[in-house]
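The next block holds one structure in the form of structure tokens; read it before the comments.
The values are calculated or read from the model by the stated rules, or taken from the named source; none is laboratory data. Treat the numbers as computed from the prediction; the structure is a model and nothing was measured. Note that each Cβ is placed from the backbone with ideal geometry, even for glycine, and that neighbours are counted across all protein chains shown. Side chains are part of the model used for accessible areas, which takes the heavy atoms of the whole protein and leaves out ligands, DNA and RNA. Shrake-Rupley method; radii C 1.70, N 1.55, O 1.52, S 1.80 Å.
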Amino acid sequence: MVEVEIEIIGPMPAYYKIADDIWGEDADIDSDGNSETAESTDWSELTIILRSDQDQRIDIDTIPGKEHFLLLCASSKELSESVMQFFRDQGSIK
């Protein structure tokens, strides 16, 4: 797993949009997190796994003591970079 601390500077995108951007809108995913609704932008915990290739996994969690930071763990460097670029494009991280 690749781990990266990310600094949050804006609202997070709806969680499912991460999977849509990386694997396509028709991707079959398993997800878990603390989003109240599918469209929520204030979530801080998320796990997404691609069901057709369970080696592709993204975990995002809070970091105790670091209010505006989250820990991104991804199963590969490429996946981590794709998630971070998506967040940058959305204005969520620096």
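Brief remarks on what is shown
- Net length gained if the chain between ASN34 and LEU71 were fully extended (0.36 nm per residue, minus Cα distance): 11.8 nm
- Charges were assigned to the Cβ only: +1 to each Lys and Arg, -1 to each Asp and Glu. The resulting dipole of the chain about its Cα centre is roughly 300 debye.
- Shown in residue order for the stretch 41-52 are the 3J(HN,Hα) couplings computed by the Karplus curve 6.51 cos²θ - 1.76 cosθ + 1.60 at θ = phi - 60°: 10, 10, 6, 9, 9, 7, 10, 10, 10, 7, 5, 6 Hz (x for Gly and Pro).
- As a rough guide to protection, the peptides 61-69, 16-24, 32-40, 4-12 ranked by mean Cβ packing within 10 Å, highest first, stand as 16-24, 4-12, 32-40, 61-69.
- Accessible area of the chain belonging to carbon and sulfur atoms, whole % at 1.4 Å probe: 41 percent
- Principal semi-axes in Å for the stretch 47-94 [√(5λ), Cα gyration tensor, largest first]: 20, 14, 8
- Mean separation of Cα contacts under 8 Å, 6 or more apart, over the residue count of the chain: relative contact order %: 37 percent
- The residues of the chain expose on average 59 square angstrom of accessible surface per residue, using a 1.4 Å probe on protein heavy atoms.
- In this simple spin-label model, placing a label point 7 Å from the Cα along the Cα-to-Cβ direction at both ASP42 and GLU5 gives a separation of 2.5 nm.
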